[in-house]
Amino acid sequence: MSTAYKPEGHTSVSPYLVVDGAASTIEFLKRVFDATELMRIPAPGDTVMHAAVRIDDSVVMLADGGQHFPPIPAHVHVYVRDVDATYRRALDAGALSVQEPVKKDDPDKRGGVRDAGGTTWWIGTKVERAASRRAPSAAPRQRISPGSQARGSATTAPIASRSTGARSPATRWSACCAG
C-alpha cells in the first residue's frame with residue numbers, strides 16, 4: 001500500500017498538542033521518553049509554530065498556544081519498557097505526579113505525570129499476559145436511529161430518554177436556554 005500521502009515514518013494518527021511552552025515540552029520529552037526531534041518551525045517571540053518529535057514508534061506534534069489557538073490540557077498514553085524508571089525521570093524533569101505507578105485490573109502497571117505545558121502523560125508497561133476477558137453480557141438494546149420512530153410510539157424521544165438518558169433537542173434547549 002502506498003504511503004505517499006504522509007511523511008515517511010509517521011503513523012496515520014498523531015496527537016497534536018497545543019501547549020504553553022512547546023520548546024520546554026520538547027526538552028521534557030527528550031529527557032523523559034528519549035524523544036527525537038524531527039522538526040521545529042519557530043514563530044515570533046521565541047515560540048514554536050509547529051514541531052514534531054518521535055517517541056519510540058510514534059510521532060507527537062505540538063505547538064505553542066496563542067490568541068487563536070489557546071493551550072489545551074491533553075492526556076497522552078505512552079508504553080515504555082520500565083514505567084517506574086520513566087516516572088522517576090519525569091519527576092526529575094519537573095513534572096507533577098498525577099498517580100504513582102500501580103498495577104490495577106488490566107495487564108499494565110501505569111502511572112501519570114503532568115508536565116509544565118499542561119499535558120498529562122500516562123506511562124504504562126505491560127507486566128502480565130492479558131487473560132481472555134469478555135465484556136459482561138448486556139441486555140438487548142432496541143435500535144433507534146435519528147428520525148426513526150419506534151413501533152407504537154409517536155416519537156423516539158421517550159424511548160431514547162429511558163434507554164440512554166438522552167433528551168430531545170427541544171428539551172435540552174429549554175433546560176439550558178429558556179428563560
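The values are calculated or read from the model by the stated rules, or taken from the named source; none is laboratory data. Please read these numbers as outputs of a predicted model, since none were measured by experiment. Every residue, glycine among them, receives a Cβ derived from its backbone with ideal geometry; neighbour counts consider all protein chains shown.
Pick out the one residue from ALA90, ALA51, ALA63 that is assigned to a helix (DSSP H, G or I), closer than 23 Å to ILE123 by Cα, touching a helix residue (DSSP H, G or I) at 6+ places or on another chain (Cβ under 7 Å) and at pLDDT 95 or above.
ALA90 is the lone residue from the list that is assigned to a helix (DSSP H, G or I), closer than 23 Å to ILE123 by Cα, touching a helix residue (DSSP H, G or I) at 6+ places or on another chain (Cβ under 7 Å) and at pLDDT 95 or above.
Which one is farthest from ILE123 (Cα to Cα) among residues in the range 74-86 that are surrounded by 13 or more Cβ atoms within 10 Å (Cβ to Cβ), within 18 Å of the chain's Cα centre (by Cα) and of a type outside the set (Gly, Ala, Ser)?
VAL76
Taking VAL113 as the residue in question, decide whether it is surrounded by 13 or more Cβ atoms within 10 Å (Cβ to Cβ), in contact with a helix residue (DSSP H, G or I) (Cβ under 6 Å, 6 or more places away or on another chain) and part of a helix (DSSP H, G or I).
So VAL113 fails the test.
Within the range 31-40, does at least one residue satisfy the condition of being modelled with pLDDT under 95 and not basic (Lys, Arg)?
Checked the range 31-40: no residue is modelled with pLDDT under 95 and not basic (Lys, Arg).
Output the number of residues of the range 17-48 satisfying the condition of being hydroxyl-bearing (Ser, Thr, Tyr) and more than 23 Å from THR125 (Cα to Cα).
2
With the requirement that a residue be under 18 Å from GLU8 (Cα atoms), under 17 Å from the mean Cα position of the chain (by Cα) and not charged (D, E, K, R), what does the range 21-61 give you?
Across the range 21-61, the qualifying residues are ALA52, VAL53, ILE55, SER58, VAL59, VAL60, MET61.
Restricting to the range 28-46, name every residue that is touching a residue at least 12 places away in the same chain (Cβ under 8 Å) and either surrounded by fewer than 13 Cβ atoms within 10 Å (Cβ to Cβ) or assigned to a helix (DSSP H, G or I) (or both).
PHE28, LEU29, LYS30, ARG31, VAL32, PHE33, MET39, ASP46
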